[in-house]
Amino acid sequence: MNRRQLLTAGAGLVATGAMAKAQNIGLPEAAVMNTAATQAPLRPHSGPDYNPVVTLNGWTLPYRMNGNVKEFHLVAEPVERELADGMTAYLWGYNGQSTGPTIEAVEGDRVRIFVTNKLPEHTTVHWHGMILPSGMDGVAGLSHPGIPPGKTFVYEFDLIKSGTFMYHPHGDEMVQMAMGMMGMFVVHPKDPTFMPVDRDFLIMLNAFDIDPGTYIPRVMTMNDFNLWTWNSRIFPDIDPLVVNQGDRVRVRVGNLTMTNHPIHMHGYDFKVTCTDGGWVPEAAQWPEVSIDIPVGAMRAYEFTADHLGDWAIHCHKSHHTMNAMGHDVPTFIGVDKRQLTGMIRKHQPEYMPMGTAGMADMAEMSMELPDNTIPMMTGWGPYGPIEMGGMFSVVKVRNGIDADDYSDPGWYDNPPGEQAYEWTGELPEFASKNSSQTLLTQKPNSKG
Ligand SMILES: [Cu+2]
């Protein structure tokens, strides 16, 4: 099955047999997603119209109308999530995946959200940023008792403002969020002509600490996470943001990790148009090419996709665009390991010296890895290794992409004269006289 097929709406949706028949008074169907592929936008079948969002490597939770109330059913449960092809994590999430499905509704809607707890301990759902009655706020012990294992609680409130919000547990929060429990909640404006866009992408920043060869995150980690994820997915298997030239595009980025992430997008400047506190008035929107997403916050930015190309989008903390890395690896830049290599190879014939000229060689090298992990930097582009991991993807702006088409169009073909090329003329004096090895080991001030 190729990506285009997976992208057809609802392809990965599994109706749970017993609940498939929606009863007007019973629980609404609890939809389950069985794939980490990006699902096509879910258009509303009733109620006010809106332009739905696309969650990268995610999906939107279906709803049903019960009278005038929009009903959803979230199931908190252990899940197996493919962080990348070849790496599965045993997480806690919602309705089959971590991150959980995106909830979409419209300003003025009344929502009723059933939350069934299939975890081994109590949980709650806190609706981050939403204006609602205190008793619906989801803080265990403060707003209401924790939802015991096996029980279902009902949250019900009016959506009195539009914007981008998040949901996550507020009971044993540290453990449950470290295990992957979080999702986004988009409330579309009642007026569909308010700040309309053609494409509306969602990214939830999260992070895990999973030792290579293992499956379960270490929940006590505070700083040294080794997997920096978007919607519980790492590069090279975060889907691209596919855009038609001329589209108005919004990217909404929420951060439920324990550090800030400066999200940088190449090829464009953009304006910050929304936070989890609400929409930014036009006169107050400021231009950026990187937007810092603070901890426990959401920022949305917008741009018009005028410039064709493959544009990198990534966290600008360079350690966050790496996969599982050992932070204790010593730095060998400038160290001549030739003699040492000979000695080590007497005992360990496969020994490969690395890092003496930087670490780019790691991206090309095929080393044997433990099961269930992927290399620290990886991903192949049309011109070689991309040497990235973690929080990295590509905005692919093309001509002639259909409105509902989010399938990968392949790599951008640079027009003649629009790509950097090798200089084949004479080289300057210093470069021809010194080998790269001597340049490397010179003391910084030895050239005078
Ligand atoms: Cu980051």
- Query: Which ones in region 393-403 are at pLDDT below 95 and either among the acidic types (Asp, Glu) or within 16 Å of the ligand (Cβ to nearest atom) (or both)?
  - Reply: none
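Per-residue answers, yes or no, for (1) in contact (Cβ under 8 Å) with a residue 12 or more places away in the chain; (2) crowded, with 24+ Cβ neighbours inside 10 Å; (3) within 24 Å of Leu369 (Cα to Cα):
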| residue | (1), (2), (3) |
| --- | --- |
| Thr164 | yes, yes, no |
| Met177 | yes, no, no |
| Gly180 | yes, yes, no |
| Met195 | yes, no, no |
| Met204 | yes, yes, no |
| Ile210 | yes, no, yes |
- region 254-293: number of residues that are more than 20 Å from the chain's Cα centre (by Cα), surrounded by fewer than 17 Cβ atoms within 10 Å (Cβ to Cβ) and either among the acidic types (Asp, Glu) or within 16 Å of the ligand (Cβ to nearest atom) (or both): 2
- Can you find even one residue in region 241-253 that is within 15 Å of the ligand (Cβ to nearest atom), in a loop (DSSP other than H, G, I, E, B) and closer than 24 Å to Gly379 by Cβ? no
- Query: What is the number of the single condition among (1) within 22 Å of Thr275 (Cα to Cα); (2) in contact (Cβ under 8 Å) with a residue 24 or more places away in the chain that Asp191 does not meet?
  - Reply: (2)
- Counting just the residues of region 320-334 that are surrounded by 15 or more Cβ atoms within 10 Å (Cβ to Cβ) and modelled with pLDDT under 90, which one comes out farthest from Met204 (Cα to Cα)? Phe332
- Task: Considering only region 105-130, state which residues are over 20 Å from Leu256 (Cβ atoms) and not in a strand (DSSP E or B).
- Result: Glu107, Gly108, Asp109, Lys118, Pro120
- Message: Suppose we filter region 66-114 for residues that are closer than 17 Å to Ser46 by Cβ and under 20 Å from the mean Cα position of the chain (by Cα); how many remain?
- Response: 2
- Message: Looking only at residues that are crowded, with 24+ Cβ neighbours inside 10 Å and among the small types (Gly, Ala, Ser) in region 97-130, which one is farthest from Ala36 (Cα to Cα)?
- Response: Gly100
- Query: Restricting region 197-223 to residues that are more than 23 Å from Asp239 (Cα to Cα) and within 16 Å of the ligand (Cβ to nearest atom), which is modelled with the highest pLDDT?
  - Reply: Thr221
- Six or more apart or on different chains, Cβ under 6 Å: which pairs go from a residue in region 300-313 that's modelled with pLDDT under 95 to one that's charged (D, E, K, R)? Could you list them? none
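The values are calculated or read from the model by the stated rules, or taken from the named source; none is laboratory data. Given the structure is predicted, the values throughout are model-derived calculations rather than measurements. Counting neighbours? That spans all protein chains shown, and the Cβs are built from the backbone with ideal geometry, glycine included.
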